[in-house]
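Novice: I have a structure I would like to understand better, so I am pasting it below and will then ask my questions one at a time.
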Amino acid sequence: MNQDLNILQLILHASVVVQLVMAILLIVSLASWAVIFGKIVGLKKVSQGNEQFERDFWSGRHVNDLYQQSERNAQHAAPMERIFTAGMREFLKLRERKVSDGGALLDGARRAMRASCQRELDVVESHLSFLATVGSVSPYVGLFGTVWGIMHAFTGLANLQQVSLSTVAPGIAEALVATAIGLFAAIPAVIAYNRFARDIDRIAMQQDNFMEEFSNILARNANQSPSAGAAAPVPVSAPGRF
């Protein structure tokens, strides 16, 4: 309790510039913790949604049924489900235009899925650069506050005839608190950034694997001629079979 009170007194007795640096670092720290908790919830939701859709996809349901369900629930769909919907929509659209080249059908579906995947990754990676910035800049901001505080402390000692450790120590201690707060803001941000980057890489790999598997399924159906006047159905009653 006394230690906490001493730290509080050091902050209150610091110079205005050092207090401003401390306040900025505390605000940045709170913002980074808000981003961290938001990312934990968001990435968990994305992973669970992708896994649930992947189970549904390989459960033996018809692709047309999954596509219609995904179209109805587009706002609440998982990223992988939106990727599937984009590829399927483009595939059927090209079929409606009587495109008979299997390669063109497959390339169109792949481009649509790749664009959708990039959009989903952009959403997942949002605010990640903020954590990287906090982790890299906060220690230097704290160091600036420390240097300024030490300069202010030594400037105040110029008018004293006798200088001892007891007169120097408070000013230096006040300045060092800025560095401590800078590290307090930076360390969690760096740890969280590395963890989230690894999780996002895993999600990206999972989505890439799904796109390749679904492209293989589309490739087996791409050369089938569509029925006249309508898009050919794409029935899949078992994983990987049209």
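The values are calculated or read from the model by the stated rules, or taken from the named source; none is laboratory data. None of the values given here were measured: they were computed from a predicted structure. Please note: Cβ atoms are built from the backbone with ideal geometry, for glycine as well, and neighbour counts cover all protein chains shown. These area figures cover heavy atoms from the full protein model, side chains too; ligands, DNA and RNA do not enter into them. Shrake-Rupley method; radii C 1.70, N 1.55, O 1.52, S 1.80 Å.
Novice: Name the residues in the range 124-136 that are in contact (Cβ under 8 Å) with a residue 40 or more places away in the chain and not aromatic (Phe, Trp, Tyr), would you? Before the answer, list the steps.
Specialist: Quick first cut of the range 124-136, residues in contact (Cβ under 8 Å) with a residue 40 or more places away in the chain only: 124-125, 127-128, 130-132, 134-136.
Within the range 124-136, 124, 125, 127, 128, 131, 132, 134, 135, 136 meet the criteria.
Novice: Select, from 137, 99, 123, the only residue that is part of a loop (DSSP other than H, G, I, E, B) and either touching a helix residue (DSSP H, G or I) at 6+ places or on another chain (Cβ under 8 Å) or surrounded by fewer than 21 Cβ atoms within 10 Å (Cβ to Cβ) (or both).
Specialist: On the way: 137 fails: part of a loop (DSSP other than H, G, I, E, B); 123 fails: part of a loop (DSSP other than H, G, I, E, B).
One residue alone meets the criteria, 99.
Conditions tested, residue by residue: (1) at pLDDT below 85; (2) among the aliphatic types (A, V, I, L, M).
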| site | (1), (2) |
| --- | --- |
| 14 | yes, yes |
| 25 | no, yes |
| 30 | no, yes |
| 57 | no, no |
| 60 | yes, no |
| 67 | no, no |
| 86 | no, yes |
| 99 | yes, yes |
| 111 | no, no |
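Novice: So, in the range 12-32, how many residues would count as being assigned to a helix (DSSP H, G or I) and open to solvent by less than 90 Å² (accessible area, probe 1.4 Å)? Working first, answer last.
Specialist: In the first step, residues of the range 12-32 are kept if they are assigned to a helix (DSSP H, G or I); the result is 12-13, 16-32.
Those still in the list that are open to solvent by less than 90 Å² (accessible area, probe 1.4 Å) too: 17-19, 21-26, 28-29, 31-32.
Of the residues in that region, 13 qualify.
Novice: Using beta carbons and a limit of 9 Å, which pairs, at least six apart or on different chains, have the first residue in the range 43-58 and on the phi < 0 side of the Ramachandran plot and the second one in a helix (DSSP H, G or I) and among the basic types (Lys, Arg)?
Specialist: Partner pairs satisfying both residue conditions: 47/202.
Novice: Among the residues of the range 60-92 satisfying the criterion of being free of Cβ contacts under 8 Å to residues at least 12 places away in the same chain and not hydrophobic (A, V, I, L, M, F, W, C), which is least open to solvent (accessible area, probe 1.4 Å)?
Specialist: Restricting attention to the range 60-92, the residues satisfying the condition of being free of Cβ contacts under 8 Å to residues at least 12 places away in the same chain are 65, 68-69, 72-76.
Filter again for not hydrophobic (A, V, I, L, M, F, W, C), leaving 65, 68-69, 72-73, 75-76.
Numbers: 65: 70, 68: 101, 69: 51, 72: 168, 73: 72, 75: 164, 76: 163 Å².
Within the range 60-92, the match that is least open to solvent (accessible area, probe 1.4 Å) is 69.
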